[in-house]
Amino acid sequence: LPPVPMEIPYQKLESEILRAVIVEFVTREGTDYGDQVFSLDEKVAAVQLQLEDGSALIVFDSESETCNVVAVR
């Protein structure tokens, strides 16, 4: 069986680490924001709000040893 990604509660991360995870996510190649242009801080704030309202969460994949932000369905 493939490893199951593990949820990382954003509240457990130090603020600098949380920001680094979010920045890595929003600056990742292929991230699409449509025709609108947002600053890095706006993108980070938007993801932070999604984490806070529960519409997104952070997961850790032990196989690739990476974190990702994913939408909650």
Degrees separating the helix 40-53 axis from the principal Cα axis of the chain, which is the longest one: 50 degrees
Kirkwood estimate for the chain, i.e. one over the average of 1/r between Cα atoms, Å: 13.0 Å
For the chain: accessible area per residue (Å², 1.4 Å): 76 Å²
With Cα atoms, 0 to 90° folded angle of helix 15-26 axis to the chain main axis: 70 degrees
Mean residue ellipticity (222 nm) of the chain, computed from DSSP H runs ≥ 4 via -39,500 (n - 2.57), nearest 500: -11500 deg cm²/dmol
Label-point separation, Leu49 to Val37 (7 Å along Cα→Cβ), nm: 2.1 nm
Rounded percent of accessible protein surface that carbon and sulfur make up, the chain, 1.4 Å probe: 55 percent
Order of exposure, largest accessible area first, which applies to Lys43, Lys12 with probe 1.4 Å: Lys12, Lys43
Protection-proxy order for peptides 64-73, 44-53, each taking the mean of Cβ atoms within 10 Å per residue, highest first: 44-53, 64-73
The chain: relative contact order in percent, alpha carbon pairs under 8 Å with at least 6 residues between: 41 percent
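The values are calculated or read from the model by the stated rules, or taken from the named source; none is laboratory data. Treat the numbers as computed from the prediction; the structure is a model and nothing was measured. Glycine also receives a Cβ, built like all others from the backbone with ideal geometry; neighbour counts cover every protein chain displayed. Areas reflect the complete protein model, heavy atoms only, side chains present, ligands, DNA and RNA absent. Shrake-Rupley method; radii C 1.70, N 1.55, O 1.52, S 1.80 Å.
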